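Contents: one structure, followed by commentary.
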Amino acid sequence: MSKQIQAIRGMNDILPEHSRRWQYLEGVIRQVVASYGYEEIRMPVVEQTDLFKRSIGEVTDIVEKEMYTFEDRNGDSLTLRPEGTASCVRAGNEHGLLYNQQQRLWYMGPMFRHERPQKGRYRQFHQVGVEVFGLQGPDIDAELIVMTARLWRQLGLSEHLTLELNSLASNAARAEYKSALTEYLRGHYDVLDEDSQRRLESNPLRILDSKNPAMAEMLSQAPKLSEYWDDESREHFTGLCARLDAAGIEYRHNERLVRGLDYYNRTVFEWVTDSLGAQGTVCAGGRYDGLVEQLGGKGTPAVGFAMGLERLVLMLEQLDNVELPQAVDIYVSAMGDAAELPAAKIAERLRDDFPTLRVMQHCGGGNFKKQLKRADKSGAEVAVILGEEEVANQMVSIKYLRADKPQASVSWEQLNQVITTFIK
Ligand code: HAM
């Protein structure tokens, strides 16, 4: 036998037994974003490498070591998108959607990062992202967070998620803070782990993110970003907090929340859980007022977030708090050659009359026992059975597969009435 080819590490198949949960999650998300008037945008999964270098930042983990970058046949450097914000801004600029306009957009799709795979962390993963352009006040930041909170309620996840919030203030304020922090960290160089020593000059703010317990005490004494906030950023942050308070949304101001992508300013936030081990951030985002201009457009304020669908699916799986619909409602069986065509007709008629029901017709023949076994395995509520005798009398037999009810025999005309009784 020849050797089987396997999927690429960290890139997973989503099998039918799991896709039902994915569809449920995607359905709830679509409904929630639509209920706020957001519109879908779809971008390609491959972009010019420079797009990500210029937006996410040259000295971030993503750009330094996680991008799937390759030369295409024309010798252009292309990259599988590691996130959606840069592409969304590129598309908005390219099609003139941003300047002097307001846009509330969302997207869903695969992203690619060459990270070390583990539970909740994959090399191909899926995000739903939401991006808003042309609005600069804290009201829209609050809307985005309120929207995510609604989503958690709908999914039954509220109890398991907490909101962390921070402000990265203006670029000038952050630059001032950066030098104060760097000076402080230089004074504690021997406490820094190898990774942090490397980051000290390139991206010192990211050191604040470190989970290394040996550095915890030293970091807790570090200068605080909020001490360097400019007045407008402070006002923006206070405005956001007041709106979250009014909406009854709890949050923790985490001074050390800095995010791993360079484009943020002012508001940053993360929804985190402790039920997924190390990969606890299920949704993250913030404001990026400088990015549109940085990518060649005219200055346009922007804010957004993205959530990791694998992590949400894992949480839903653990909680197992929703009854997912079966793939099939009605299984139509034909016993004997003469019944096959009438059974196919009945199945088509049911699909015409009940477009939301899932009707599966048995194919491949076989005896009564075998067909009923299939019907049962399909998860259907009922089997509609046609034998030669039923065909001769224009009848069908109905066998209830989940309820303790006797088998019934009804005419083809009466069938719809019976089916109506178990439509939810
Ligand atoms: P991010 O924090 O890099 O932000 O990713 C957002 C979310 O995607 C994470 O919180 C996590 O749930 C999920 N995620 C990230 N990497 C992986 C992975 N390797 N495996 C599984 N899930 C993962 C962004 O991507 C920004 N574009 C968010 C944003 C939108 N900011 C403003 N607008």
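What follows is calculated from the coordinates using simple rules that are stated; it is not laboratory data. Quantities reported herein were computed from a predicted structural model and do not represent experimental measurements. Note: ideal-geometry Cβ built from the backbone for every residue, glycine included; neighbour counts use all protein chains shown.
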Among Ile29, Ile398, Ile207, the residue with the largest mean-square fluctuation in a Gaussian network model of the chain built from Cα contacts under 10 Å is Ile398
Rounded to a whole number of µm²/s, how large is the Stokes-Einstein D of segment 130-271 at 10 °C and 1.306 mPa s, given Rh as the Kirkwood radius over C-alpha pairs?
97
Write down the Å³ per residue value for the convex hull defined by the alpha carbon atoms of segment 63-166.
158
Cα centroid distance between segment 355-396 and segment 124-145, in Å?
49
Förster radius 56 Å - calculated FRET efficiency between Ala246 and Arg73, Cβ distance, rounded to 0.05:
0.50
Distance histogram in 10 Å bins (all Cα pairs of the chain, percent per bin):
4, 18, 24, 20, 13, 10, 7, 3, 1, 0
Label model pair Gln197, Glu64: point-to-point distance (7 angstrom along the Cα→beta-carbon line) in nm is 1.4
Sorted by chain and number, the residues with a modelled amide H under 5 Å from that of Ser409, at a separation of 5 or more or across chains, are Ile398
Cut-off 12 Å between beta-carbons: net charge of the residues surrounding Ile41, Lys and Arg +1, Asp and Glu -1
-1
Scoring the chain by relative contact order with C-alpha pairs under 8 Å, at least six apart, yields a percentage of 15
Which of the residue pairs Lys53/Lys178; Lys3/Lys370; Lys119/Lys369; Lys119/Lys370; Lys345/Lys373 have a Cα-Cα distance greater than 31 Å in the structure shown?
Lys3/Lys370; Lys119/Lys369; Lys119/Lys370
So what J values fall out for segment 211-220 if you push phi through Karplus, 6.51 cos²θ - 1.76 cosθ + 1.60 with θ = phi - 60°, rounded to Hz, Gly and Pro as x?
9, 5, x, 5, 9, 4, 4, 4, 5, 5
Which residue fluctuates most in the GNM of the chain (Cα springs below 10 Å): Ile41, Ile249, Ile14?
Ile14
Report the local net charge at Ser226: Lys and Arg +1, Asp and Glu -1, summed over other residues whose C-beta lies under 9 Å from its C-beta.
0
May I ask you to list the residues of segment 200-232 whose amide nitrogen lies under 18 Å from a point 7 Å from Cα along the Cα→beta-carbon direction of Ala172?
226-232
Compute the length gained on full extension between Arg116 and Tyr99: take 0.36 nm times their separation in residues and subtract their Cα-Cα distance, giving the result in nm to one decimal.
2.2 nm
In whole Å, what is the distance between the alpha-carbon centres of segment 167-201 and segment 1-74?
32
For a paramagnetic label modelled at 7 Å from the Cα of Gln4 toward its Cβ, which residues of segment 112-130 fall within the zone defined by backbone nitrogen distances under 11 Å?
none
Note down, for segment 192-334, the three equivalent ellipsoid semi-axes (square root of 5 times each alpha carbon gyration tensor eigenvalue), biggest first, whole angstrom.
36, 22, 18
Return the sequence-ordered ³J(HN,Hα) values of segment 2-7 in whole Hz as given by the Karplus equation 6.51 cos²θ - 1.76 cosθ + 1.60 applied to θ = phi - 60°, using x for Gly and Pro.
7, 5, 6, 8, 9, 5
Using θ = phi - 60° and Karplus 6.51 cos²θ - 1.76 cosθ + 1.60, couplings along segment 320-331 (whole Hz; Gly, Pro as x)
6, 9, 10, 8, 7, x, 6, 6, 10, 9, 10, 10
Quick query: amide H of Gln361 versus all other amide H atoms, modeled in the peptide plane; which residues come in under 5 Å with a sequence gap of 5 or more or a different chain?
Val332
Hull shadow area, averaged, segment 275-409 [alpha-carbon convex hull, nm²]
14.9
Tell me the label-point distance for the pair Gln318, Arg349, using the 7 Å Cα-to-Cβ offset, in nm and rounded to one decimal.
5.1
Given C-alpha coordinates of segment 330-421, what is the ratio Rg to Rh with the Kirkwood estimate of Rh?
0.91
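If you stretched the chain out fully between Gln221 and Tyr400, how much longer would it get, using 0.36 nm times the residue separation minus the C-alpha to C-alpha distance?
Values: separation 179, 0.36 × 179 = 64.44 nm, distance 6.80 nm.
Full extension of this stretch gives 57.6 nm more.
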Residues with amide H under 5 Å of Val382's amide H, sequence separation 5 or more or different chain, H placed in the peptide plane at 1.01 Å from N; which?
Tyr331, Leu401
